[in-house]
Amino acid sequence: MVTHSSRRSSTGKDPSSEGQRDRKKLDYHEGMSSQENESQVKSPKVHKPRGFAAMSPEKQRELSRRGGEAAHRKGVAHRFTAADAREAGRKGGRATHAKRKAEQIQSSQSSGE
């Protein structure tokens, strides 16, 4: 086994391996100017709205209207009827009462212990 003890620096490390690490750092940043490095590190990406968010409200409304018309023509559009409204209200009422009952049971158990 060959050792390089004669080449070691005063810190006890092999100077050639330190140089290789420094070269790798330089190679990574070699193609970039210091201004590019700073802009990549300091400034976050600017969020630009896309899709519907980038459109004016009038254009959004027009596209939505056209989509609704197309769905009705195709026969896949849903019309919310009074029966649908009753069923939705019934489901919401059940959920609210179930939550309230669970809270009452939980509070009575914790106070009874």
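Structure summary
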{"item": "Gain upon complete extension [K48, E103; 0.36 nm per residue less C-alpha separation]", "result": "15.4 nm"}
{"item": "The stretch 43-113: C-alpha gyration tensor shape, a/c 1.5 cut-off, then a/b vs b/c", "result": "oblate"}
{"item": "Sequence of R79, R86 once ranked by neighbouring C-beta atoms within 10 Å, starting from the fewest", "result": "R79, R86"}
{"item": "Fewest-first ranking of F80, F52, using other Cβ atoms within 10 Å as the exposure measure", "result": "F80, F52"}
{"item": "Gain on full stretching of the segment that runs from R86 to E62 - 0.36 nm per residue minus C-alpha separation", "result": "5.6 nm"}
{"item": "Gain in span if fully extended, T96 to H78, counting 0.36 nm per residue against the direct Cα distance", "result": "3.9 nm"}
{"item": "For the stretch 63-103: span of alpha carbons on each principal axis (Å, largest first)", "result": "46, 21, 12"}
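Every number in this text was worked out from the coordinates using simple rules, so none of it is lab data. Keep in mind that this is a model prediction, so the values were computed, not measured. Please note: Cβ atoms are built from the backbone with ideal geometry, for glycine as well, and neighbour counts cover all protein chains shown.
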